[in-house]
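Just below is one structure, and these are the notes that go with it.
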Amino acid sequence: MTQAAAKLNAFPIFLKVEGRAVAIVGGGDEALAKARLLGQSSAEIRIIAEHVEPSLREWIVAHGAVRIHASYDASLIDGAVLVFAATGDEALDRRISDDARRLGIAVNAVDRPELCDFFTPALVNRAPVVVAVGTEGAGPVLAQMIRARIDRMLSPQLGALATLAAGFRGSVERLLPKGSVRRGFWREFFEGAPARALDAGRPAEAREAAADLLLRNGATSGHVALVGAGPGAEDLLTLRAHRLLMEADVIVHDALVPEAVIAMGRRDAERLPVGKRKGCHSKTQAEINDLLVELAQAGKRVVRLKSGDPLVFGRAGEEMQAMRDAGVSYEVVPGVTSAFAAAADFELPLTLRGVSSSMVFTTGHDLKGGTLPDWARLAISGATVAVYMGRSVAADVAGRLIEAGLSPDTAVAVVENASLRNCRRFHGTLADLPSLEGRTDLDGPVMTIIGDAVAGANFARSEPLSAHRHEAVQIAAMEGQSA
């Protein structure tokens, strides 16, 4: 037996206030808070107070509100559509509430729910779209917390998109039959090319995309978003990335992307793992390119979810070229790259005034040749170097840099599982770095940062690399004696 839903004691409505008077009685912080809330509307705002605090006075001037410089009297609220009692004086607020009810005006008394006819919600304003969150006065802070979460989910351009939709409504009703065709048009309108164009700040392109969609009778067109999943922590995902995950029909993800990040997508979205973890590639890059094109051409909205940032060692260039060659619509959403997350874990300044003014991202895999790579020369000249996937090439990186002239005492920071709760931090010098190569206990992704700026990091929660280096030397010596 299902439990009946609780009844609402306050029913939510949207009241027309354009050109109508709303009276706020009070001159302090409570009145200012209500004025700011109402300032999002087109109401005529009247502030009734004999004394007004400077901050409220500035707001009145800046927003063209009407100031009535007088002690409260019932005649001053007559004709208003709403009244707010915000004096901070319980007796006066009660009097205002009684007067408003006698005059047939709905009243709200700040922080006095027993005197209220209505409650003001927390608003997510994307005019003409608005989301109101209310708790019947029981938990204003909770309402604000919910409002903040909803605000993060909605595109800043949602209001502009709704306005554009209003301009097409008549044409849609004339040209498209009711039912699935019309619903399909509006779904594609609000989630497809018109919405993407507005998000990118291109209103003319959005209008053209809407007109093209109308000519195609609302037929959907596929789209691929190359999205940076960040270094691992789900709360480092960007707001845009989260919105796209919630809209995606298919999520094509790398092996290094944690399940917690993938789970932020729609529950009914198809999830396709494509490997890309070192040593266990489940698909070749060409196969991934073909898969993305095939899904988009089938009309799917696809999120290609890549660890870190898609443009930093993410092979996004090949995937973008495949989209261009196939004529598939795509976009790129940046993510927090692992170097930045590792630096944050160490509280490490990647650039430091007077010490290092440049930095290098590298995998270190180009050290096998006989020529010293350009990034190594930059390291010697003082740049901070971030080495991705650095454990297996640690000895090569250290050896070539020391051989080229970088001091063995140059500071080094190493992070496994950057940004995650199970991250591990290690510090030492360039001479200690080769000890990483034998660390079988490090099975997560490893980021290595080298340079004089590393000396400015916080090593309080870090283990010294030298401890393992000395341990490795002792083991090697014992093995040599036994031989």
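What the table below lists for this structure:
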read-out	value
Antiparallel %, DSSP beta bridges [both residues in the chain], to 5	35 percent
Cα-derived Rg to Rh of region 381-446, Kirkwood definition	0.96
Cα centroid of region 55-127 to Cα centroid of region 169-189, whole Å	43 Å
Sparse-neighbourhood loop sites, chymotrypsin sites (Phe, Trp or Tyr not before Pro) in region 290-387 - DSSP loop, at most 13 other Cβ within 10 angstrom	none
Footprinting exposure proxy for THR337, THR429 (fewest neighbouring C-beta atoms within 10 Å first)	THR429, THR337
Principal-axis tilt of helix 29-38 within the chain, Cα atoms, nearest 10 degrees	90 degrees
Reported label for calculated percent of Cα pairs over 36 Å apart given [x] 25; [y] 38; [z] 53	[z]
0 to 90° range, to nearest 10: angle between helix 140-153 axis and the chain longest Cα axis	60 degrees
Amide N of region 409-437 lying under 14 Å from the label point, which is placed 7 angstrom from the Cα of ALA467 along Cα→Cβ	424-428
Region 303-409: GluC sites (Glu not before Pro) in DSSP coil with no more than 13 other Cβ atoms inside 10 Å	GLU347
Helix-only [θ]222 nm of the chain, DSSP H runs n ≥ 4, -39500 (n - 2.57) each, per residue, nearest 500	-11000 deg cm²/dmol
Mean separation of Cα contacts under 8 Å, 6 or more apart, over the residue count of the chain: relative contact order %	9 percent
Principal-axis tilt of helix 285-297 within the chain, Cα atoms, nearest 10 degrees	20 degrees
Spatially near lysine pairs across the chain, Cα under 29 Å, sequence gap of 8 or more or different chains	14
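Read the figures in this text as sums done on the coordinates, not as results from a lab. Predicted model, so just to flag it, every value in this text is computed and none were measured. Cβ: placed from backbone, ideal geometry, glycine included. Neighbour counts: every protein chain shown.
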